[in-house]
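The structure appears below as structure tokens.
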Amino acid sequence: MARLYTPSRLGAYEDCPRRYRYAYVDRPSPPKGPPWAHNSLGASVHTALRNWYGLPEARRTPEALPTLLRATWVGEGYRDDAQEREAFDRALLDGLLDLAAVGCAELTELQRAALAAAR
């Protein structure tokens, strides 16, 4: 892995090579905190969209989105099941479908109702 040398890092090495080593080489990584809902939501939506755009164009329909989102859903970090369900519904109905409409024909009310029933 290539190291990034910045003026402050070079200055730290010039001042004291041992302090540089402790600060930049041997420094332990900070402990990982608990998962957060917004990170889980973002990861789920981005992965679902990546998979959706990876589908052949004939299969890239709005009806495929609930299955893709369910398959890539990250359920960590939510306060409770109700918050997770609300985030899933919001991601599917408000976010993904609007983005999918850009990539395919406009959604009809019938398609929206079918997607809502698929949840």
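The values are calculated or read from the model by the stated rules, or taken from the named source; none is laboratory data. Since this is a predicted model, take the numbers as computed values, not measurements. Neighbour counts are summed over all protein chains in view; Cβ atoms, including those assigned to glycine, are modelled from backbone coordinates with ideal geometry.
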Within the set of pairs 6+ apart or on separate chains, which have a first residue in segment 10-37 that is touching a residue at least 12 places away in the same chain (Cβ under 8 Å), a second that is of a type in the set (A, V, I, L, M, F, W, C) and in a loop (DSSP other than H, G, I, E, B), and C-beta atoms under 9 Å apart?
P35/V74
Looking at (1) at pLDDT below 90; (2) touching a helix residue (DSSP H, G or I) at 6+ places or on another chain (Cβ under 9 Å), which one does S40 not meet, given that it meets all the others?
(1)
Cβ-Cβ distance below 7 Å, separation of 6 or more or different chains: which pairs start in segment 42-66 with a residue that is in contact (Cβ under 8 Å) with a residue 24 or more places away in the chain and of a type in the set (V, I, T) and end on one that is in a helix (DSSP H, G or I) and surrounded by 15 or more Cβ atoms within 10 Å (Cβ to Cβ)?
V45/A91; V45/G95; V45/L96; T47/T72
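Among helices (runs of 4 or more DSSP H) lying entirely in segment 1-94, which contain 1 or more residues that are surrounded by 15 or more Cβ atoms within 10 Å (Cβ to Cβ) and charged (D, E, K, R)?
81-89
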